[in-house]
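Here the structure is laid out as structure tokens; the discussion comes afterwards.
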Amino acid sequence: MPDIVASRSGANLLPCEAYLSETPVLQTHAGTQPDLFLRWNTIPLAASGIDVVIHLHGFSRSGETMPLSEKVRRSGLDLSRRTRPTLAVLPRGNWLRYSWYDFPALMAGGIDRLIDYARSSFGLATSLAGGGLEVSRFVLTAHSGGGMPAIDAIAGAQRLPDELYIFDGLYGRDPTTGDPLRGLETIDHWLGERFAREPDYPGALRVVYIEQQTGPFSREVGKLIEKHLASVDPAETAGLCRRYRVERSAAQHARIAERCGPDLLAASDVEFDWSR
């Protein structure tokens, strides 16, 4: 069992965090240990289910020596204003070369296996629901070089995210190797499934981008959102527009996840106050 220490007070599990090493799902990833970070907010001991938030990080100037703590600081995995019982998960990516990281272990259903490993390890270590915690909602966030791997992970997943937040990460593909917009079909399919569940089971897609880096792909996602919005009851459009949208960032690239993540984990329809 992973080394997870959790404290209780009254009828609740108290907020805390843990770093884990040698995560089975990530064993093919090259890089440093620990390779998995968990953070949780206040969780009732009587809870039978929790939300799971996974964040895919971007590249690192530290290269192969990158400590996972470097990405925790800028991940936006701040649960202090989130009211739903939630487990945040940050896996270390696979070092390729130079500053580049990707997430091959999370493809073809790997992200499902990571969710199951995190929630079962957490449930067993804390004895919540007898170790059988269910996943109530799945939230997927990604920054920079983690953006396109997040889309590819969705393509092979059984459990699709209820909320998807991409922070200046939709760079598209190398046009010399194929369609630079490959992945839009995955987002289009996911949006179709999400809108079919609205408004009874609300979801969200928020893309925050910087034009010179991820503008073209991000704006194409905006067009997909407009297409799906055109098919819904006009009475629902205003609410959906607040939760499904693409917008330019007023924060620098390195700080977008750190700046926007906490707001979105508190409320998916938040209006960013860029003056802060």
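Which whole-number percentage describes the relative contact order of the chain, with Cα contacts under 8 Å and a sequence gap of 6 or more?
Numbers: 551 pairs, mean separation 50.6, N = 276.
Relative contact order for the chain comes out at 18 percent.
Calculated from DSSP H runs of 4 or more alone, at -39500 (n - 2.57) each and per residue, what is the 222 nm mean residue ellipticity of the chain, nearest 500?
Details: 7 runs with 85 residues, N = 276.
Roughly -9500 deg cm²/dmol at 222 nm, from the helical runs in the chain.
Compute the semi-axes of the equivalent ellipsoid of the chain, taking the square root of 5 times each eigenvalue of the Cα gyration tensor, and list them largest first in whole Å.
Numbers: eigenvalues 157, 110, 59 Å².
Whole-Å semi-axes of the equivalent ellipsoid: 28, 23, 17.
With both partners inside region 8-266, how many of the DSSP beta bridges are antiparallel, as a percent to the nearest 5?
Numbers: 17 of 43 bridges.
Counting DSSP beta bridges with both partners in region 8-266, the antiparallel share is about 40 percent.
Run the quick spin-label model on ALA254 and LYS223: label points 7 Å from Cα toward the beta carbon, then report their separation in nm to one decimal.
Spacing of the two 7 Å Cα→Cβ label points: 3.4 nm.
Indicate the helices, whole DSSP H runs only, in the chain that combine a mean Kyte-Doolittle hydropathy of 0.5 or more with a Cα extent along their long axis of 30 angstrom or more.
Details: long enough: none.
Passing helices, by number: none.
Modelled label-to-label distance, ALA155 and THR65, 7 Å Cα→beta-carbon offset: nm?
It works out to 3.5 nm between the two label points.
Please work out the Cα center distance from region 115-164 to region 16-74, rounded to the nearest Å.
About 11 Å separates the Cα centre of region 115-164 from the one of region 16-74.
Give, rounded to the nearest 20 debye, the magnitude of the charge dipole that region 8-266 has about its Cα centre when Lys and Arg contribute +1 at Cβ and Asp and Glu contribute -1 at Cβ. Could the numbers behind the result be given before it?
Values: 29 positive and 30 negative charges, 124 e Å.
Using only the charged Cβ atoms, the result is roughly 600 debye.
What does the charge count around SER120 come to, taking other residues whose C-beta lies under 11 Å from its C-beta (Lys +1, Arg +1, Asp -1, Glu -1)? Mind dumping the intermediate values first?
Working: positive: ARG113, ARG119; negative: ASP116, GLU134.
In short, 0.
Counting only residues 5 or more places away or on other chains, whose amide H sits under 5 Å from the amide H of TYR209 once H atoms are built in the peptide plane?
Result for TYR209 returns ASP168, GLU247, ARG248, SER249.
Under a point spin-label approximation (7 Å from Cα along Cα-to-Cβ), what is the ASP179-MET107 distance to one decimal in nm?
Each label point lies 7 Å from its Cα, and together they span 1.7 nm.
Here, each number is a calculation from the coordinates, and none is a lab measurement. Since we're looking at a predicted model, the values are computed, not measured. Methodologically, a virtual Cβ is constructed for each residue, glycine included, from the backbone with ideal geometry; neighbour enumeration extends over all protein chains shown.
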